[in-house]
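The values are calculated or read from the model by the stated rules, or taken from the named source; none is laboratory data. None of the values given here were measured: they were computed from a predicted structure. Note that each Cβ is placed from the backbone with ideal geometry, even for glycine, and that neighbours are counted across all protein chains shown. What goes into the accessible areas is simple: the full protein's heavy atoms, side chains included, and nothing from ligands, DNA or RNA. Shrake-Rupley method; radii C 1.70, N 1.55, O 1.52, S 1.80 Å.
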Amino acid sequence: MDQNLPDIFDTIIIGGGASGITAAIYAVRKNLKVLMLTKNIGGQAALSGDVENYPGYSMISGEELARKFGAELLSFKGKGLWVKEGLEVTDISGAVPNFSVKISDGEEFHSKTVIIASGRIPRMLGISGEKELLGKGVSTCATNNSPFFKDKDVAVVGGGNCALDAAFSLIKVARTVTMINITDSLSGDAILMNNVTSSEKVKVLNNHEAVEILGDASVGGIKIIDKLTKKEQILPVSGVFIEIGWTPSAPFDKLTEKNEKGEIKVDQFGASSVPGIFACGDVNDQVGEQIVIAAGEGAKTALKVAEYISKLPN
Ligand SMILES: Cc1cc2nc3c(=O)[nH]c(=O)nc-3n(C[C@H](O)[C@H](O)[C@H](O)COP(=O)(O)OP(=O)(O)OC[C@H]3O[C@@H](n4cnc5c(N)ncnc54)[C@H](O)[C@@H]3O)c2cc1C
C-alpha cells in the first residue's frame, strides 16, 4: 500500500465523471479525506460532443468541459484528495464506519462511507460478432467514431433518441445510414426524427432485428431478420453502431437496493438503502441523465456525506 495513503478514508468515491468529480471537490472542501477510484477522469462528459446546456458556456465541447473538470479535481490532490485512475472497482463489502472497496488487482481500501458515482454504460445486443468486432467497425459512440466512416455504408441498430442522435452524426460523414429498428416505428424527439428521416442518405427498416455482425478483421456486414416475414438478409456495411440505450453500471455493488432498471435507489440526499453508501449521477434512480444534474447530485451527496460523518460516533 502507498505509504502516504490513510488507513481509513472518510469517503471513497467510485467514478471520475461529472458526479464523482463534483462530489470529490465538495467533500474535500468539507475537510474530508477522500479517495477517488476510477477507470478514467471525465466519464461520459468527455464523449458528449457539443454541450449546449451547461450554464456558463453557451457551447463547449464535452472533451474540453471534462478536461476542465479534471484539472479542477486534480488541483485538490495533496489537500485531502487522493486519486487512483485507470483501475476497476470490483467489490464493496463491510458496513459503516468501515467499508472495504476492492479493485481488480486485489488491492483493498477502507473508508467510513462510500459514494458510488459509476455512471452508466451502453446496452449491448448480445449477438454474435458484437464483442469480437467492437472497435473494429462496431461502435457504441457515434460522437467519437463517426469520422472513421467517411463515405462508408453504416447501420445504426435502435429506434429511439440514442439511435436518432447517432444517425444524425453519421449523416454528416457516411455514404448511407440504415436504421435497424425492432419496433414498427421510430420514437424520439420530433425535430431530431425529422432531421434524420428527411435525409436522402437514411433508410429505416422497421420491424427488423439484428441477429449477427459479420467480419473477421473488421465489420463486413450485418445479418438482419424481418420480424413479420421471417426473411433474413445481409446488409453489406462497414460500420455498425449499437444505439439501444444505456444501463447503470455498478456490478461491483451487491449491497444496495436497485430498481427494475438496475439503478441504485436513493433518497433526495443520495443515501442508498445501506447506511453509509450513497450514490449520485446517472447510476442512481433520480430523474435526468445530464452533466449539470450529475454535478448537482455530486455536490448535494457530498454535503450529506460530510454531515453524516460528523454524526458518527468516534
Ligand atoms: C454521446 C453523449 C452525449 C451527451 N450529451 C450531453 C449533453 O449535451 N448535455 C448533457 O448535459 N449531458 C449529455 N450527456 C449525458 C452526460 O454526459 C451524463 O449524464 C453525465 O456525464 C453523467 O455523469 P456521471 O458522473 O453520473 O457518470 P459517468 O460520466 O458515466 O461517469 C462514471 C465514471 O465512473 C467510472 N467507473 C465506472 N465503473 C467503474 C468501476 N467499476 N471502477 C472504477 N470506475 C468506474 C467511469 O470510468 C467514469 O469515470 C451525453 C452523454 C453521451 C454518452
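Consider region 39-67. How many of its residues are under 13 Å from the mean Cα position of the chain (by Cα), open to solvent by less than 10 Å² (accessible area, probe 1.4 Å) and of a type outside the set (A, V, I, L, M)? Step through it out loud before you land on a result.
Just the residues of region 39-67 that are under 13 Å from the mean Cα position of the chain (by Cα), to begin with: 39-48.
Going one step further and asking which of them are open to solvent by less than 10 Å² (accessible area, probe 1.4 Å), we end up with 42, 45.
Subset that is of a type outside the set (A, V, I, L, M): 42.
Result for region 39-67: 1.
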Legend entry - Selected residue [at positive phi and in contact (Cβ under 8 Å) with a residue 24 or more places away in the chain] from G86, G62, G78: G86
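This table checks each residue for (1) open to solvent by 20 Å² or more (accessible area, probe 1.4 Å); (2) away from the ligand (no atom under 11 Å from the Cβ).
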residue: G239; (1), (2): no, yes
residue: F252; (1), (2): no, no
residue: G270; (1), (2): no, yes
residue: V283; (1), (2): no, no
residue: V292; (1), (2): yes, no
residue: G296; (1), (2): yes, no
residue: L303; (1), (2): yes, yes
residue: Y308; (1), (2): yes, yes
Inset, instruction - Answer yes if at least one residue in region 62-80 is assigned to a strand (DSSP E or B) and within 15 Å of the ligand (Cβ to nearest atom), and no otherwise. - result: no
Inset, instruction - Give region 93-143 a look and list any residue that's within 16 Å of the ligand (Cβ to nearest atom), hydroxyl-bearing (S, T, Y) and within 20 Å of I12 (Cβ to Cβ), or say none. - result: S93, S100, S104, S111, S118
Inset, instruction - Return yes or no: is V114 more than 30 Å from L5 (Cα to Cα) and either in contact (Cβ under 8 Å) with a residue 24 or more places away in the chain or touching a helix residue (DSSP H, G or I) at 6+ places or on another chain (Cβ under 6 Å) (or both)? - result: no
Inset, instruction - Scan region 63-101 for residues that are among the small types (G, A, S) and out of contact with any Phe, Trp or Tyr (no Cβ under 9 Å at 6 or more places or on another chain) and jot them down. - result: A66, G70, A71, S75, G78, G80, G86, G94, A95
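Of these, I309, I277, I293, which one is farther than 18 Å from T11 by Cα and either in contact with a Lys or Arg (Cβ under 8 Å, 6 or more places away or on another chain) or hydrophobic (A, V, I, L, M, F, W, C) (or both)? Show your work before the answer.
Working: I309 fails: farther than 18 Å from T11 by Cα; I277 fails: farther than 18 Å from T11 by Cα.
Matching residue, one of I309, I277, I293: I293.
Can you confirm whether T178 is within 16 Å of the ligand (Cβ to nearest atom), closer than 18 Å to L125 by Cβ and in a strand (DSSP E or B)? Write out each step before concluding.
Numbers: within 16 Å of the ligand (Cβ to nearest atom): no; closer than 18 Å to L125 by Cβ: yes; in a strand (DSSP E or B): yes.
So T178 does not fit the description; no.
Going through G262, G288 one at a time, which residue ends up being in a loop (DSSP other than H, G, I, E, B), of a type outside the set (S, T, Y), within 11 Å of the ligand (Cβ to nearest atom) and under 19 Å from the mean Cα position of the chain (by Cα)?
Values: G262 fails: within 11 Å of the ligand (Cβ to nearest atom).
None of the others qualify; the one that does is G288.
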